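In what follows, a single structure is set out as structure tokens and then discussed.
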Amino acid sequence: MTRLYWYLRGYVQFVFTGGFAEDFINALGELGIMLPGLQRQGSDLCGVCSVGTYMQLHKAARQAGGRVRITARRGLPFFLRRLRGRWGLLMGAVAFALVLCVLSGFIWDVQVVGNNRVGTGTLETYLAQNGVAVGKPWQGAARSRLNYRLLGDFPDLAWAHINKVGATARLEVAERVDTPKTKSDKEQSQWGAARRELRCTVRRLQVHRVQTGRQVCRGVYFYGLTLVPMGKDAPPMTEVTEQRRLLRLNGRALPMGSVTRTRTAYRRVEQRLTVEAATALAKAALEEKRAQELPGATIINAYVTVEVTPDTVTAVGAYTVQVQSLQTDRDRA
């Protein structure tokens, strides 16, 4: 904040030469001038002050038997002074600001969040048909009425709302959850046993990727156009990721900003596992599969075998689990 204040106000860098530095400092004190940033360079003194303060330094310099001179001028007033007569730059800056203000009133991105059963493309097409699309003005999008129309046209949606996030129209939805059917006490009290067999196969020849290089390039994103100075030739097994940081004006995300593109190169590495190592992996995968396919099941009996071939190792699990029987007393008779 202090640097911004001095930049807006304007300041000069000066040097005191040809006299006694101690006398110059004492003379400044007598005149009531405080310059805490003074630095000594040999027999000279260097400092920073405002333009008004600099005009008072000549009297103190004469009392000390030296003189002061300006070495640099910094700040916005000196920058604007150099632009006097160059009205084209000022008009260009004003025109650029007006273009940004006008373009911020349009939609430049559409996002759909929270959907699962209803496709993203279906919702984006529906929004485009109702005035919410890239390039459309915000004023033409009746978001309040469109929220209720979405619930009526898509029965799977329980809640929908179109939010304005900068220049992005974000549709946030929540889908309906079907109520599970409850079973009668008689059905819940009928249990039986069933046999389940699970198989997990692990190849002894494992293929891995090892990172061999990484390239990070930064560029510019401007209204859908991405400019990144990155070479076109890429080695095989290369992944490219891109991250955008958009500029913001009054809390709105503008369709322009910086782009960071990362290119990661890999090479293929093959490793042949021993029978013992492949067996351990197959049994561990079988245990994970059992937890996924038989969650919370009561296992009465479990028997695991291993089948070994030159290329694979397969773990076979035979489980006897307690299940609910849906037969009635009439069916059993």
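Worth a mention:
- Stretching T260 away from L98 to a fully extended chain increases their span by 55.5 nm, per 0.36 nm per residue minus the current alpha-carbon distance.
- Here the dipole of the chain is about 1580 debye; that uses its Cα centre as origin and unit charges on the Cβ of Lys and Arg (positive) and Asp and Glu (negative).
- Taking M55, M256 and ordering them by how much accessible surface each has at a 1.4 Å probe, largest first, produces M55, M256.
- Residues whose amide H lies under 5 Å from that of L254, counting only those 5 or more places away or on a different chain, are L247, R248, L249; hydrogens are built 1.01 Å from N in the peptide plane.
- Choice from P36, P137, P77 showing the highest fluctuation, given a GNM over the chain with Cα pairs closer than 10 Å: P36
- GNM flexibility winner over the chain from R261, R117, R69 (Cα, springs under 10 Å): R69
- Choice from V68, V308, V173 with maximal GNM fluctuation in the chain (Cα, 10 Å cutoff): V68
- The simple Förster model, with R0 at 35 Å and r as the Cβ-Cβ distance, assigns Q271 and A194 a FRET efficiency of 0.35.
- On full extension, the segment bounded by T17 and K164 gains 46.8 nm, given 0.36 nm per residue less the C-alpha separation.
- Along the range 196-213 the Karplus relation, 6.51 cos²θ - 1.76 cosθ + 1.60 evaluated at θ = phi - 60°, assigns HN-Hα couplings of 10, 10, 10, 10, 9, 10, 10, 7, 6, 8, 9, 10, 10, 10, 10, 5, 10, x Hz to successive residues, with x for each Gly and Pro.
- Accessible surface, the chain, averaged per residue in Å² (probe 1.4 Å): 68
- Where T298, T179 fall by accessible area, highest first, once all protein chains stay in place (1.4 Å): T179, T298
- Computed extension length for M34-A174: 44.0 nm, one decimal, from 0.36 nm per residue of separation with the Cα-Cα distance subtracted.
- A simple charge model with +1 on the Cβ of Lys and Arg, -1 on the Cβ of Asp and Glu and nothing else charged puts the dipole of the range 16-146 at about 420 debye relative to its Cα centre.
- Taking a sphere under 13 Å around the Cβ of Y223 and counting the other residues whose Cβ falls inside, with K and R at +1 and D and E at -1, yields a net charge of 0.
- Accessible-area ranking of I25, I70, largest first, probe 1.4 Å: I25, I70
The values are calculated or read from the model by the stated rules, or taken from the named source; none is laboratory data. From a predicted model like this one, the values you see are computed outputs, not experimental measurements. We place every Cβ from the backbone using ideal geometry, glycine too, and count neighbours over all the protein chains shown. The protein model used for the area step is the full one, side chains on, heavy atoms only, and it has no ligands, DNA or RNA in it. Shrake-Rupley method; radii C 1.70, N 1.55, O 1.52, S 1.80 Å.
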